[in-house]
Amino acid sequence: MVEFYGREIKSILIRSVNWIGDAILTTPAISVLRNNFHKAKISILAKPYVSEVFKENPDIDEIIPYEGLGSKKGFVLINELRKRRFDLAVLFQNAFEAALISFLSGIPVRLGYATDGRAFLLRPSIKIRPETKKKHHLDYYLDLLSEAGFNTERGPLVLNLKEGERMWAIDLLKKNGWNEDDRLVGINPGATYGKAKRWYPERFASLADRIIKEDVKVILFGGLKETAIVEEIKKKMVSRPIFVTGNTSVRELASLIERCSVFVSNDTGPMHMAAALKVPVVALFGSTDMNITGPIGEKHRVIWKKVECSPCFLRECPKDFRCMNLITVDEVVDAVTERLVV
């Protein structure tokens, strides 16, 4: 396919979503664009933090950093995009701003969902079917393309690392007492959306101690905003874990996750990073819907308790946090152990 909406497509601009996990879930749809437009130049407009997951992606020719329209940089960006004369914009981000950027940039074909009052800026504008809203986010992005007439097939998640990044992770882990024949379990206790997505720190601590007793190394992950959570877990532990908190880039985080034999996580971006890196995931779900944002792949285990108020999608639990309270340390240990022997 070299034409779309009556135009020959030689260059494509993709407006990325703004979350790490969702960005990874768009990679199969990006592969669809590459498969439909083999010779087109594909550029992706993404916030610097998110753009890290697209590096080394063979379907992407160029990453353009995006820092918002509300500054002089925004006007410079619009002018630069106009000069590029893109033929097609694909808007995976649902915001009005994404459509406005593509319109002001003079991109003649602007494909996106008719969300956030932006339908009049799109060409074509795709209405969201009720069943699409219930699908996994990965399929939500694929459906945008299939509704527009593209040949779509659900391919794998894409997150590639360079050998130097892998060697950096191995070196760091060895400095912390890990050997390449050691089994390593990653624990990611944070979640950016709010406390309602987080299992209890004391249970993560108990989980880590029990795993370490089985001759397994444990590494605790966390961003800058999750330093307090990781510190609380460390204080409650009897054993000493490896911990990497706040001082790693997205690429460094990915290279460390790749060394894990199992990755335990709440519903958050690093969970999808692990899935993309083919690391078995034990995912703990409470306030969110595993059918919409669960890890992609066959080796994973989602632990979710069917209570009347879950999924609620709230940041804070207004009740007794029963969805997470019912997840026991024993069953998480069992789920991890099962994946260590696979």
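The values are calculated or read from the model by the stated rules, or taken from the named source; none is laboratory data. If you're wondering where the values come from, they're calculated on a predicted model, not measured in any experiment. Cβ placement follows ideal geometry from the backbone for every residue including glycine, while neighbour counts extend to all protein chains displayed. The protein model used for the area step is the full one, side chains on, heavy atoms only, and it has no ligands, DNA or RNA in it. Shrake-Rupley method; radii C 1.70, N 1.55, O 1.52, S 1.80 Å.
Please give the helix 329-340 orientation as an angle from the longest Cα principal axis of the chain, in degrees from 0 to 90, rounded to the nearest 10.
For 329-340 against the chain, the angle is about 70 degrees.
What percentage of the solvent-accessible surface of the chain, computed with a 1.4 Å probe over protein heavy atoms, is contributed by carbon and sulfur atoms?
Numbers: 8090 of 16080 Å².
The computed percentage sits at 50.
On C-alpha positions alone, give me the angle between the axis of helix 27-36 and the longest principal axis of the chain, in degrees, nearest 10.
30 degrees
Scanning the chain for GluC sites (Glu not before Pro) in DSSP loops with at most 14 other Cβ atoms within 10 Å, what's the longest stretch left with none?
Values: sites that count: 56, 67, 153, 180, 214, 298, 308, 316.
Segment 68-152 is the longest.
Let me check I've understood the local charge: for residue 174, count other residues with C-beta under 14 angstrom from its C-beta, Lys and Arg +1, Asp and Glu -1. What total comes out?
Working: positive: 166, 175, 217, 259; negative: 171, 180, 181, 182.
Here the count lands on 0.
Test of understanding: what is the full-extension gain from residue 299 to residue 337, defined as 0.36 nm times their sequence separation minus their Cα-Cα distance? Could you put the intermediate results ahead of the total?
Working: separation 38, 0.36 × 38 = 13.68 nm, distance 1.28 nm.
In short, 12.4 nm is gained.
Modelling each spin label as a point 7 Å along the Cα-to-Cβ direction, I'd like the residue 5/residue 146 distance in nm, to one decimal.
2.1 nm
Filter the trypsin sites (Lys or Arg not before Pro) in region 1-75 to those in DSSP coil with at most 14 other Cβ atoms within 10 Å of their Cβ, and list the result.
Working: sites: 7, 10, 15, 34, 39, 41, 55, 72, 73; in loops: 10, 39, 55.
Within region 1-75, the qualifying trypsin sites (Lys or Arg not before Pro) (loop, at most 14 other Cβ atoms within 10 Å) are 10, 39.
Taking 0.36 nm per intervening residue step and subtracting the Cα-Cα distance, what contour gain separates residue 38 from residue 182 on full extension? Intermediate results must be reported in sequence, preceding the final value.
Values: separation 144, 0.36 × 144 = 51.84 nm, distance 4.22 nm.
Full extension of this stretch gives 47.6 nm more.
May I ask you to give the solvent-accessible area per residue for the chain, in square angstrom, as obtained with a 1.4 angstrom probe? It would help to have the intermediate numbers written out before the result.
Values: 16080 Å² over 342 residues.
Accessible area per residue, the chain: 47 Å².
Place a point 7 Å from the Cα of residue 96 along the Cα-to-Cβ direction; which residues of region 1-36 have their backbone N under 19 Å from it?
Counting only backbone N, you get 18.
Quick check: pseudo-label points 7 Å beyond the Cα along Cα→Cβ at residue 236 and residue 73, how many nm apart are they?
Between residue 236 and residue 73, the label points sit 3.8 nm apart.
Counting pairs of Cα atoms in the chain, how many percent are more than 35 Å apart?
On the way: 15822 of 58311 pairs.
Summing the P(r) of the chain above 35 Å gives 27 percent of all pairs.
Tally Lys/Arg at +1 and Asp/Glu at -1 over every other residue whose Cβ is under 11 Å from the Cβ of residue 100; what's the total? Show your work: numbers first, answer last.
Working: positive: 15, 110, 118; negative: 97, 116.
Residues near residue 100 contribute +1 overall.
For a Förster distance of 41 Å, can you work out the FRET efficiency between the beta-carbons of residue 195 and residue 163, rounded to the nearest 0.05?
Numbers: r = 39 Å, r/R0 = 0.94.
My answer for the efficiency is 0.60.
Mean residue ellipticity at 222 nm from the helices of the chain, using -39,500 (n - 2.57) per DSSP H segment of n ≥ 4 over the full residue count, to the nearest 500 deg cm²/dmol? Could the numbers behind the result be given before it?
On the way: 15 runs with 130 residues, N = 342.
Here the helix-only value at 222 nm equals -10500 deg cm²/dmol.
So how do 137, 272, 38 rank on accessible area, 1.4 Å probe, biggest first, that is with the largest at the start? Write down the numbers at each step before the final one.
Working: 137 50, 272 10, 38 135 Å².
Listed by decreasing accessible area, they come as 38, 137, 272.
Using a Förster radius of 30 Å, what is the FRET efficiency between residue 83 and residue 56 based on their Cβ-Cβ separation? Nearest 0.05, please.
On the way: r = 27 Å, r/R0 = 0.89.
It comes to 0.65.
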